[in-house]
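S.K.: Below is a structure I'd like to ask you about.
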Amino acid sequence: MSKCDRGRHEREKTNEMDSERVPGRKRRETLRGNHTNHMKRMENCRQVFVFALAWFCLPMLMARIPEEPAVPNQMVTTESTVIASTSATSELMYPPQNGPCFYATPEMCSDSLIHDPKYQVANCECRLHPVIPRSLICCNVTNLTNITSCQEPDSSEHWKNIHVRNASLEELDISNGFWKLFDSISITDGTLKRITREFTKFSATKCFNVSNNNLNEIQPRGFKNLMQLQVLDISYNNLSTIPNINKETNLTIDIRGNKDMLCKSVSETIDKGGLELNFVEPDKTYCLTNQTFNWFNSTDSVPLRQLYRMKQLQSECPTDCKCEVERMNYEQQNDEDGIPLLIFSAKVDCSNSHLTELPEKLPANTYSLNVSCNNITSLSALNVNPTYQQIIRLYADNNQISSLLDLEGTSFIEEFEVLSLRKNKLKSIPIYLLSNTLDKNPRGKMLYFEGNKLHCDCNSAKVLRLWLLARQNHIKDWDQILCENMPQIVVDLSEMKLCQSQHDWTDYIYYLIAAEIFLLGALVFKVSYDYWVFKTAGYLPWPASKMPKLPCDWLCES
């Protein structure tokens, strides 16, 4: 055996001995290496998959989930929100719907979505909504037949929602049975001018939206069979009337943007629907008045909020009283645009109602109150009751009111136009209270005190009489105010008669003083005469000669 063969034989023998010494270690190392390689391959595959998915989906999501634009025809309701079904799987997310109304954004009419074969519907121009089941989106329709011919994918289920956008239609016939089973029907942003015929009986529609069209005519009885209707959106059209609705409560109506909408039609709708009828943005929605409608003498635009409050007058009216609109006034509002708002003023008539005090609460915007022919004794409510803060005309004739001091410090005494207190129990008129108001703002203020019997005295003749004569422009019955303690009219009082003081002992002191002066003069004269007689004749007067001598007489003897 050569040297090389011997060395090779030894190495092989050594390897055999080593393999016999550690038979399991090599197998363990082999298994560990295989596992590591497998995990690396799995991680690489996962990274590649995630990257590819993100690269594919991210642009689509960014393009199809824009912030929903503010569109004028989107309804705002108080109903619960309808959320898209979570069971539907799609890469396109859709914002929640408002109330029972189905609404498709303008992006839904993009070319990429319209021509997507995945959402196509047989025999019509509409397509399926990518998220909400049984919902149709129809764009740029030119013929109504292209909508009504849509066939349900499943014959056991019917369509639930439909939104037709940008339709070039002149007329819509709602009597077609195709519309009967829809929960929500929206036909917006088109050229629709007329809605004809009537919905068929037992129609299930809860939301009907035809906003942003050119509508100028709707069949008056077209919606009479919509017994489940919750939302009616006819905003931004050219309508002047609201169609008849056979739904009285929990109905939301949007009539914004109809510049020729008549208040008479709105008022009749409120009468039928009651106070539970809701209008969208009533402070920013206006109706047009005319000269023959109820309280208006001009063609002004009235906010629906004011018209609605007019209808609430009777519900807020005090018991046994009559409440009605008196007139309309423009008042400056504290809003950003500063446009004066047309506000109605209410008139409350509680005359002959057997009241012993002023009513506890008055309707909003009450400017005139008539409580004549009752048994009211006090006007303190004008000072403490906040519902009386807007009163500027008060008629309280034929009551038991005895004082005007309750009006001191009130807004009424500063702003009033009419204060009528004929035939009450007034004993005095607080001139200082009324003079302050009349001097500051004399224009248009009227006072009536006829039939009150005042307590007349010197002050009445000197002050009150002159004040009444000077205020004839404000006190129209100045010559009909009577005195209680004498049969005279206040303006006929005589200052010379009433301003003389009563006689007492001080009135006679001047007579006593004059008598004393006279007696003193007579005494001086008598003494002087007696002295002259004594000097000339030498004898004393008879009274003096008969008097006995006194011890002091020697002082007079010479």
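S.K.: Between L523 and D111, what length in nm is gained on full extension when 0.36 nm per residue of separation is reduced by their alpha carbon distance?
M.R.: So the extension gain works out to 134.2 nm.
S.K.: Related question: Relative to the present Cα-Cα distance, how much length would full extension add between K284 and N238 at 0.36 nm per residue of separation?
M.R.: So the chain would gain 14.9 nm between K284 and N238.
S.K.: Between N473 and S403, how high is the FRET efficiency from 1/(1 + (r/R0)^6) when r is the Cβ-Cβ distance and R₀ = 35 Å? Nearest 0.05.
M.R.: 0.90
S.K.: Let me ask another. With a point put 7 Å past each Cα toward its Cβ, work out how far D320 is from R197 in nm, to one decimal.
M.R.: Rounded to a tenth, the inter-label distance reads 5.9 nm.
S.K.: A further question follows. Would you kindly derive the ³J(HN,Hα) couplings of the range 222-228 from the backbone phi angles with the Karplus curve 6.51 cos²θ - 1.76 cosθ + 1.60 (θ = phi - 60°), listing them in order in whole Hz, with x for Gly and Pro?
M.R.: Taking θ as phi minus 60°, the curve returns x, 10, 5, 8, 8, 6, 9 Hz for the range 222-228.
S.K.: Turning to a different aspect of this structure: So, counting K/R as plus one and D/E as minus one, what does the shell of residues with Cβ under 15 Å around R194 add up to?
M.R.: Summing Lys and Arg as +1 and Asp and Glu as -1 gives -2.
S.K.: Between C287 and residues 5 or more places away or on another chain, which pairs have amide H atoms under 5 Å apart, with H built 1.01 Å from N, and which residues are they?
M.R.: V302, L304
S.K.: Rank these residues by their accessible area, most exposed first, probe 1.4 Å: I234, I509.
M.R.: The ordering from most to least exposed comes out as I509, I234.
S.K.: Next question. Please give the solvent-accessible surface of E450 in Å², to the nearest 10, using a probe radius of 1.4 Å with every protein chain present.
M.R.: Approximately 60 Å² of E450 is accessible to the 1.4 Å probe.
S.K.: Cβ neighbours within 10 Å, averaged per peptide: list 220-227, 128-135 in order, most packed at the top.
M.R.: 128-135, 220-227
S.K.: May I pose another question? With each pseudo-label sitting 7 Å past Cα toward Cβ, what's the E157-A364 distance in nm, one decimal?
M.R.: Reported label-point gap for E157 and A364 is 4.6 nm.
S.K.: Find how much the distance from N140 to T377 grows on full extension, using 0.36 nm per residue of separation minus their present alpha carbon separation; answer in nm with one decimal.
M.R.: Full-extension gain reported as 78.0 nm.
S.K.: Related question: Give me the accessible area of E268, 1.4 Å probe, in Å² rounded to the nearest 10.
M.R.: Counting only protein heavy atoms, E268 exposes about 90 Å² to solvent.
S.K.: Considering only protein heavy atoms, what is the solvent-accessible area of K272 at a probe of 1.4 Å, reported in Å² to the nearest 10?
M.R.: 110 Å²
S.K.: When the solvent-accessible surface of protein heavy atoms is calculated with a 1.4 angstrom probe, in what order do L464, L355, L469 fall, highest first?
M.R.: Sorted by accessible area, descending: L469, L355, L464.
S.K.: Where in the range 170-194 does the amide nitrogen come within less than 20 Å of the point 7 Å from the Cα of E268, taken along Cα to Cβ?
M.R.: Under 20 Å, as judged by backbone N against the label point of E268, lie 194 of the range 170-194.
S.K.: Note down the net charge around L128, summing +1 for each Lys or Arg and -1 for each Asp or Glu among other residues with Cβ under 10 Å from its Cβ.
M.R.: +2
S.K.: Let me ask another. Under a point spin-label approximation (7 Å from Cα along Cα-to-Cβ), what is the I513-D260 distance to one decimal in nm?
M.R.: Reported label-point gap for I513 and D260 is 9.7 nm.
The values are calculated or read from the model by the stated rules, or taken from the named source; none is laboratory data. Because the structure is a prediction, the values reported are computed rather than measured. Note that each Cβ is placed from the backbone with ideal geometry, even for glycine, and that neighbours are counted across all protein chains shown. Only protein heavy atoms, including side chains, enter the accessible area calculation; ligands, DNA and RNA are left aside. Shrake-Rupley method; radii C 1.70, N 1.55, O 1.52, S 1.80 Å.
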